[in-house]
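What follows draws every value from the coordinates through simple rules; no lab data is involved. Bear in mind that the values here come from a model prediction, so they are computed numbers and not experimental data. Methodologically, a virtual Cβ is constructed for each residue, glycine included, from the backbone with ideal geometry; neighbour enumeration extends over all protein chains shown.
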Amino acid sequence: MAETNMLDRREVVARLLRERGDALVVTGLGSPTYDVHAAGDHDGNYYLWGAMGGAALVGLGLAQARPDRPVLVITGDGEQLMGLGGLATIGVAKPRNLTVVVLDNQHYGETGMQASHTAAIDLVKIAEACGFAEARTIRTQDEMDALGSSLMGPASGPRLVLVRIAAENPPRSLPSRDAVFVKNRFRAHLGLPQG
């Protein structure tokens, strides 16, 4: 039976970022990038363009390089399905500062809203099997509100939060598509040389 009263993706992302503090944010290809940008561009946002399936692993590398900062990956169900092996690698690495949020509308929004496999495959159970310290599904606004800023605090290992969202395609909010600019801006935010 199909779920009703699904959460609004833009509201979910805005809520996640409201109390981001010094978190570094990596976005998955397509709609998650548009959602994060719509919530407010930030020098600590690393928008991925053309890296389908790689968001969680980019987040892992960043979490390992900067264990002093929380790292939040915001990606979609289709993108995370393509990167399933990354969940195993994250589970073995066990970073304490990495949270992967999967916006799950059970559709491939970038290619025409075809049904994705997450109606039959539970990404939360996969994350648990991979050794994530915490994995859960959010379906209601009350659960979203209870989540609050807890994702930015310390954890005993990686976390995965799957948020059931409505299958909608809101207007695109496009950050710069210049990968060199995005990289250099992010490196400058981290106090690293650009180049």
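Comparing Cα centroids, segment 13-46 and segment 137-195 end up 4 angstrom apart. With the simple model of a label 7 Å out from the Cα in the direction of the Cβ, residue 146 to residue 18 spans 1.7 nm.
Simple point charges give the picture: +1 on the Cβ of Lys and Arg, -1 on the Cβ of Asp and Glu, and for the chain a dipole about the Cα centre of about 560 debye. Pick out which of 116, 150, 173 has the largest mean-square fluctuation in a Gaussian network model of the chain, springs linking Cα atoms closer than 10 Å. Highest fluctuation of the listed residues: 150.
Per-residue Cβ neighbour counts within 10 Å put 46, 34 in the sequence 34, 46, beginning with the fewest.
Just to be sure I understand the rule: take each whole DSSP H helix in the chain, project its Cα atoms onto its long axis, keep it if the span is 27 Å or more and its mean Kyte-Doolittle hydropathy is at least 1.6. Which ones pass?
Details: long enough: none.
Result, helices passing both filters: zero.
Taking the three principal axes of the alpha carbon atoms in the chain, the coordinate ranges are 52, 37, 29 Å, sorted in descending order.
Whats the longest run of the chain with zero GluC sites (Glu not before Pro) that are DSSP loop and have at most 14 other Cβ atoms within 10 Å? The reported range is 20-167. GNM remark for the chain: springs join alpha carbons under 10 Å apart, and the peak mean-square fluctuation among 83, 91, 153 falls on 153.
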